[in-house]
Structure formats: C-alpha cells, structure tokens
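Accompanying notes for the structure given below.
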Amino acid sequence: MYAIVEVGGKQYKFEKGEVADVEKLEPKKDKVVFDKVLLISDKETTIGHPYIERAKVTASILKQVKSPKTIAFKYKRRKGYHRKVGHRQKLTRVKIEEIKL
C-alpha cells in the first residue's frame, strides 16, 4: 500500500514504515498528519479530485536535517567573471506510521 501526498508544494510517494525527507515543517508536536492525499493504491487505486476526502497519512517527526550541498557556478568565458554559490535546503525527516482511506 502506498500514497501520493502533497507536502510543501511538492508530491511525495509514501509507504508505511518508510523514512522520508520532506520540506521543513514547524510542528508543535512530534506527530504530523498530512491530509492532502492525491492517490492511494492498495488492492485498487483511489484517485482524488484533486484530494481524497477523509484520507490521512500520519507520520512521526524524527529530526530536522539539511540536504547535500548544491553548487551553483556561473562563468563567462574570456571576461574574468565567475561566481560560486552553495546552498543546503532545510528538510524534516519523517517516518510514516499509518495510511488511512
């Protein structure tokens, strides 16, 4: 069983027991509920329009992490111009506890 969920404007595929990194969340508790479920696939597939009503994915928050560094390098040949900038996105690591339809 898996679900496709929208979190922070991005879509993620979650399975029960999976550990995933999502966009940074600022929860007040150690559990979070995702209710923007786009698709649930079990024995048969349920597709939302755009979301499935009453469908929820429950996850526990493990920790806040940063992604690997991404380098943006700009260069113009023969002009003496180059620029190097690094970026690390802040993420939240979650463990999927339950998928409800």
task: Would you mind checking segment 1-44 for residues with the amide N under 11 Å from a putative spin-label position 7 Å along Cα→C-beta of Arg93?
output: 19-21
query: Going by accessible area, probe 1.4 Å, with all protein chains left in place, what is the ranking of His87, His82, His49, largest first?
result: His49, His82, His87
message: Taking only the Cα atoms of the chain, how large is their convex hull per residue, in Å³?
response: 131
- line: A 1.4 Å probe over the protein heavy atoms gives the chain a carbon and sulfur accessible-area percentage of 48
message: Given the whole protein assembly as supplied and a 1.4 Å probe, what does the accessible area of Lys69 come to in Å², nearest 10?
response: 130
- prompt: What residue among Lys28, Lys90, Lys79 shows peak mean-square fluctuation when the chain is described by a Gaussian network model with Cα springs under 10 Å?
  reply: Lys79
query: How large is the accessible surface per residue of the chain, computed with a 1.4 Å probe and reported in Å² as a whole number?
result: 76
- line: Highest GNM mean-square fluctuation among Arg88, Arg77, Arg54, for the chain with Cα springs under 10 Å, belongs to Arg77
- line: Cross-link reach from Lys43 to lysines, straight Cα distance under 20 Å and at least 8 residues apart if same chain, gives Lys13, Lys16, Lys56, Lys100
- request: Measure off 7 Å from each Cα along the Cα-to-Cβ vector at Ile71 and Glu6, then give the distance between these two points in nanometres to one decimal.
  value: 3.6
- prompt: Taking N as the number of residues in segment 8-59, what value does Rg over Cα atoms divided by 2.2 N^0.38 Å take?
  reply: 1.20
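The values are calculated or read from the model by the stated rules, or taken from the named source; none is laboratory data. Everything numeric in this text was worked out from a predicted model, so none of it was measured. Don't worry about glycine lacking a Cβ; one is built from the backbone with ideal geometry, like all the others, and counts go over all protein chains shown. Side chains included, ligands, DNA and RNA excluded: accessible areas come from the protein's heavy atoms. Shrake-Rupley method; radii C 1.70, N 1.55, O 1.52, S 1.80 Å.
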